[in-house]
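The structure appears below as structure tokens.
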Amino acid sequence: MTQLCEYGCGQEAKHQFKNGKWCCSNNISNCIYKIKEIKNILKINKKECKFCKKEFTNGPIKNHIRNCYLNPKNIKLCPMCNKPIKHYKINTTCSYSCANTMFRSLENHGNWINGKSNSHSICFKYHKKECVVCKEKLIVEAHHYDGNRKNNNIENLIPLCTTHHKYWHSEYRYLIKDKVEKFRNEFIKFYYKNLKK
């Protein structure tokens, strides 16, 4: 005759404990019935945050409710999309997308100066979008001739490819300096003669 588990699972008992009871497992906490019983106890003790509906077992619920981002005392809305900010203590926006929109557009963009658009759009409004040194047309940057990134006057902006832009800001400037200065001087003569009337 086979012995059945005395803890309620009804399976064949394989181990006898010091208290004389038989169990299907060598550890009572591994008994299927006990596992179900423990899960039920945990379900009974689970508490839900009244703001975000996240479930907790005992301990951290009070601290969570006090700091929950949906708690009316803590709500901080995203200035871009008006959604609550989850990490309201450290973040200004609710997501990377909103942060990019907020900090990398219009007046918050590094090249936005006094309501004027950035150096690229000003540069390519008057200059052909090609490097003045090598005629590269795919990747072209607006170089600030005087080194002042806030000076977006058209005479100060020179279209250069990334390679030649790096040349200008390195020890190899001498390799392209004559072409850049020739382009700038010719443009200034043309600009003041024809366009600035």
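The values are calculated or read from the model by the stated rules, or taken from the named source; none is laboratory data. Here the structure is a predicted model, which means the values were calculated and not measured. Every residue, glycine as well, gets a Cβ built from its backbone with ideal geometry; the counts of neighbours run over all protein chains shown.
Looking at (1) part of a helix (DSSP H, G or I); (2) modelled with pLDDT of 80 or more; (3) surrounded by fewer than 12 Cβ atoms within 10 Å (Cβ to Cβ), which one does residue 64 not meet, given that it meets all the others?
Going through (1) part of a helix (DSSP H, G or I); (2) modelled with pLDDT of 80 or more; (3) surrounded by fewer than 12 Cβ atoms within 10 Å (Cβ to Cβ) one by one, residue 64 breaks only (3).
Within the range 1-38, restricting attention to residues that are surrounded by fewer than 13 Cβ atoms within 10 Å (Cβ to Cβ) and within 50 Å of the chain's Cα centre (by Cα), which residue is modelled with the lowest pLDDT?
38
Yes/no matrix, rows are residues, columns are (1) surrounded by 13 or more Cβ atoms within 10 Å (Cβ to Cβ); (2) part of a helix (DSSP H, G or I); (3) among the β-branched types (Val, Ile, Thr):
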site	(1), (2), (3)
53	no, no, no
56	yes, no, no
82	no, no, no
86	yes, no, no
90	no, no, yes
100	no, yes, no
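Quick check, is residue 180 at pLDDT 90 or above and in a loop (DSSP other than H, G, I, E, B)?
Details: at pLDDT 90 or above: yes; in a loop (DSSP other than H, G, I, E, B): no.
When the stated conditions are applied, residue 180 does not pass them.
Considering only residues that are assigned to a strand (DSSP E or B) and of a type in the set (A, V, I, L, M, F, W, C), look in the range 139-172 and name the one that is farthest from residue 122 (Cα to Cα). If you could, list the steps in order and put the result at the bottom.
Of all residues in the range 139-172, those assigned to a strand (DSSP E or B) come to 140-144, 157-161.
From what's left, of a type in the set (A, V, I, L, M, F, W, C): 140, 142, 157-158, 160-161.
Details: 140: 13, 142: 9, 157: 8, 158: 11, 160: 14, 161: 16 Å.
Only one residue tops the list, namely 161.
Being hydrophobic (A, V, I, L, M, F, W, C) and at pLDDT below 85, is that true of even one residue in the range 81-93? Lay out the reasoning, then the answer.
If we filter the range 81-93 for residues that are hydrophobic (A, V, I, L, M, F, W, C), which is where we start, we get 81, 85, 90.
Cutting the leftovers down to at pLDDT below 85 gives us none.
Within the range 81-93, not a single residue is hydrophobic (A, V, I, L, M, F, W, C) and at pLDDT below 85.
Show the residue pairs that are 6+ apart or on different chains and have beta-carbon atoms under 7 Å apart, the first residue being within the range 4-25 and touching a residue at least 24 places away in the same chain (Cβ under 8 Å) and assigned to a loop (DSSP other than H, G, I, E, B), the second being aliphatic (A, V, I, L, M) and surrounded by 18 or more Cβ atoms within 10 Å (Cβ to Cβ).
Short answer, once both residue conditions are applied: 5/13.
Quick one: residue 107 ticks every box in (1) at pLDDT below 70; (2) surrounded by 11 or more Cβ atoms within 10 Å (Cβ to Cβ); (3) under 30 Å from residue 149 (Cα atoms) except a single one, so which number is it?
(2)
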